[in-house]
Amino acid sequence: MKLAWILLLSAACPAAVADEGACAPRGGLPNACRIWTHEQEGSVFYIGTAAGNAPGGTRDQLPGIVKKVIPGAKGVRAFCAWNRAYPDNCSSIIETFRSMSSSAAVSGEELYPFVAITVFDLAVDDTGMPVQQVQAALEGMIYGTRKRNPARDMVMLYQPDERFVADYRAGRTPEVIKLHEAIASHYGIPSVNLAKAASLKTDWQGTKKQQGALLEENLGGFLAQCAGQPAGQPVRHPCPKPMSEGIWDRATLVNYDRGRLDADGWLGWQSSPVEQVFHVATCSKPGAVMSADFTGTAVGVYGVTGADAGDLEFSIDGGPWRAIEVFDRAAKDRGYHLFHRMFADRLANTTHTVRLRVAEAVPPGSTGRQARVGWLTVNGSDASPMGKLKPIELADTLLLQLEPLGYTPPKTRWQWIPKTIARLRDGGTLRIVMLGDSIVNNIQSSGFNLLIERAYPGSKIEKIVSVRGSTGCWYYQEPEHLKEYVVRHAPDLLVIGGISQRGDVEAIRSVIRQTRAALPEVEVIVMTDVFGAKGTIDPYDPKTAAEPDPDGTGYRDRLYKMALEERVEYINLTQPWARFLAASKQPLGAFMSDAVHANARGCQLVGRLLELYFAPDGWDARKVAEKSLGR
């Protein structure tokens, strides 16, 4: 029935689309359709305009279109880089840095949530932008994706912007669409031209209702046509040589904290006034310099402007200072907005130093000259001294950036992990499986295992990270999943954590009991939650830092009760984490890399709590770090 319905749509919709020339099928969508028609989970990675990311826009409509065409499709979620909607200009020039810094940009089927397709919807916001930079950015995203994940399907959308519709009615193809189409054709990426389709409709008024219907008719019709094709083996899309030199195929964001801030003027880790950037370095003093090293061919700056913003000046490799406008002279709301400016392009692919300072003159119309810098945008990589440190050196350096932790682990700890502690004390090997979600992956990235090994000379920790994004024991308790993620690794110690347990303590109990049945010698730790999306955990709520109540109804209370009943170790990470943040002079955003996850400092914060939990009484992590770094 499902296949027949798909074929019906295929016959009804795309024929008209193809006749009107609104769809260029090219390489099609073989992998996305294989995934969805086989009822595998697959999400949509949307790289689009500010309007498309707005509530009710194209991004919100995409899952419904997929589900309507392929009713059995699972896991169809649409998200954008860093799980944020960007209200300002979203041209390819900034999106390449935001999007390609997201793991979802090139992730394969082994990660969850798996991305079945990338949708590029950038032509509207690319209009009027520097053509060379647009081409470098857009082609860089596509080429970089194809090189690193040849199985990722992609599609280009061209919205029915009134300027585009007018051009088509006048017999012209918009210049920006010509550019996008040349790139799409070169890489065999299909495109759906809603502007051209709209221009052929005599009743076109450009209403939201019409736009939604047009998207469903054309993109849905093309998807139906693709889904009606026989599903075969995964397709590896070809990746031809780039069309031009200088593409930004290594676009990334480098945080200002990897640079050097003149203490007489610049302040790092300040609260950002917009949610899309989590913390900023601020300065209003002319002459004070921020500098950073990078290896690559292009560099720019990404931050926040507002009614009190100043302009900036930059210098590359000791060259002359050059001015760039940051204050938004056209802004009417006097609010805060994101800004992005490129400093230089087509540099030699070597290591460079960029310097940045606040311009002395207050811009006309501004109430000040405040700079708020979040990131450097780099086509290349960070070349700062921190980037060259060994993992434990980096961990120690990050620790010394933190305020004192103020954490003393409970004296009653280790009651249910005696064999684990014995292995550490005796210099043995401890095999750990870390089970959970991306927050557990955050925690393990702190290198806490190296810190514990240092506390117990001669010991060796084999750390196995067994995680699936947005997943908890409600999934891992299924026998086939438990075997894959836990049992086959034969851990000495199973550590369960994350923010994706859905409050299902009984599922955690099930994982513990099944693991013990398969591995009778295993010891188990359950950890409470840290970080997460806004509203998930409030570290500033006094209740968050409270002791667990075995008679309580909250998740951490019920987890504690279950741990007592099952005789497993309970580590309350939430409490010291919340107490640290409540006492800190820095905002929560200073410890986050996106809306959900910790940055390197946030990971180190939690990792150090684990270090202190496992280390012998009296262990002074800060003194050990200072000694190790020779300070």
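Here are the numbers for this structure:
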read-out: Correct choice for percent of Cα pairs over 38 Å apart that was computed from the model, options (i) 45; (ii) 37; (iii) 41; value: (iii)
read-out: Two-site FRET efficiency, Arg322 against Ser628, from Cβ-Cβ distance with R₀ of 51 Å, rounded to 0.05; value: 0.80
read-out: Mean projection area, nm², convex hull over Cα of region 474-569; value: 6.3 nm²
read-out: Region 148-269 - Kirkwood radius from inverse mean 1/r over Cα pairs (Å); value: 18.2 Å
read-out: Gyration tensor (alpha-carbon) shape descriptor, region 251-387, a/c threshold 1.5; value: prolate
read-out: Over region 277-328: Rg over Rh, Cα atoms, Kirkwood Rh; value: 0.94
read-out: Whole-Hz couplings from phi, Karplus 6.51/-1.76/1.60, listed for region 510-523; x for Gly and Pro; value: 4, 4, 4, 5, 5, 5, 5, 5, 7, 10, x, 8, 5, 10
read-out: Between region 406-441 and region 123-190, the alpha-carbon center distance in angstrom; value: 51 Å
read-out: Ranked packing of 540-549, 175-184, most packed first, by mean Cβ within 10 Å; value: 175-184, 540-549
read-out: Sequence of Leu214, Leu435, Leu347, Leu389 once ranked by neighbouring C-beta atoms within 10 Å, starting from the fewest; value: Leu389, Leu347, Leu214, Leu435
read-out: Residues with amide H under 5 Å from that of Gln370, placed H, sequence gap 5 or more; value: Ala309, Gly310
read-out: 25 °C / 0.890 mPa s Stokes-Einstein diffusion coefficient of region 389-628, Kirkwood radius on C-alpha pairs, µm²/s; value: 136 µm²/s
read-out: Relative contact order, percent, region 280-399 [alpha-carbon distance under 8 Å, six or more residues apart]; value: 44 percent
read-out: Cut-off under 5 Å, modelled amide H: who pairs with Ile189 long-range; value: Gly27
read-out: Region 389-628 - percent relative contact order, Cα under 8 Å, separation 6 or more; value: 26 percent
read-out: Calculated P(r) tail over 26 Å for region 2-227, as whole % of Cα pairs; value: 30 percent
read-out: Residues with amide H under 5 Å from that of Asp153, placed H, sequence gap 5 or more; value: Ala32, Thr118
read-out: Considering only the chain, percent of DSSP beta bridges that pair antiparallel, nearest 5; value: 55 percent
read-out: Contact order normalised by residue count of the chain, Cα under 8 Å, 6+ apart, percent; value: 12 percent
read-out: Per residue convex hull volume, Cα atoms of region 404-518, in Å³; value: 124 Å³
read-out: Using alpha-carbon coordinates, inclination of helix 2-12 to the longest axis of the chain, degrees; value: 30 degrees
read-out: Relative packing of 34-41, 492-499, which averages over residues the other C-beta atoms within 10 Å, highest first; value: 492-499, 34-41
read-out: Within region 2-227, percent of DSSP bridges classed antiparallel, to nearest 5; value: 10 percent
read-out: Per-residue ³J(HN,Hα) for region 453-461, Karplus 6.51 cos²θ - 1.76 cosθ + 1.60, θ = phi - 60°, Hz, x for Gly and Pro; value: 4, 5, 6, 10, x, x, 7, 9, 10
read-out: Neighbourhood net charge (13 Å Cβ-Cβ; Lys/Arg +1, Asp/Glu -1) for Phe79; value: +2
read-out: Estimated vicinal HN-Hα couplings, Hz - region 596-602 in sequence order (Karplus 6.51, -1.76, 1.60; Gly, Pro = x); value: 10, 9, 7, 7, 4, 6, x
read-out: Gain in span if fully extended, Thr408 to Ser185, counting 0.36 nm per residue against the direct Cα distance; value: 74.2 nm
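FYI, it's all coordinate maths here, none of it is from the lab. What you see is a predicted model; the values in this text were computed from it and never measured. All Cβ positions, glycine included, derive from the backbone under ideal geometry; neighbour counts span all protein chains shown.
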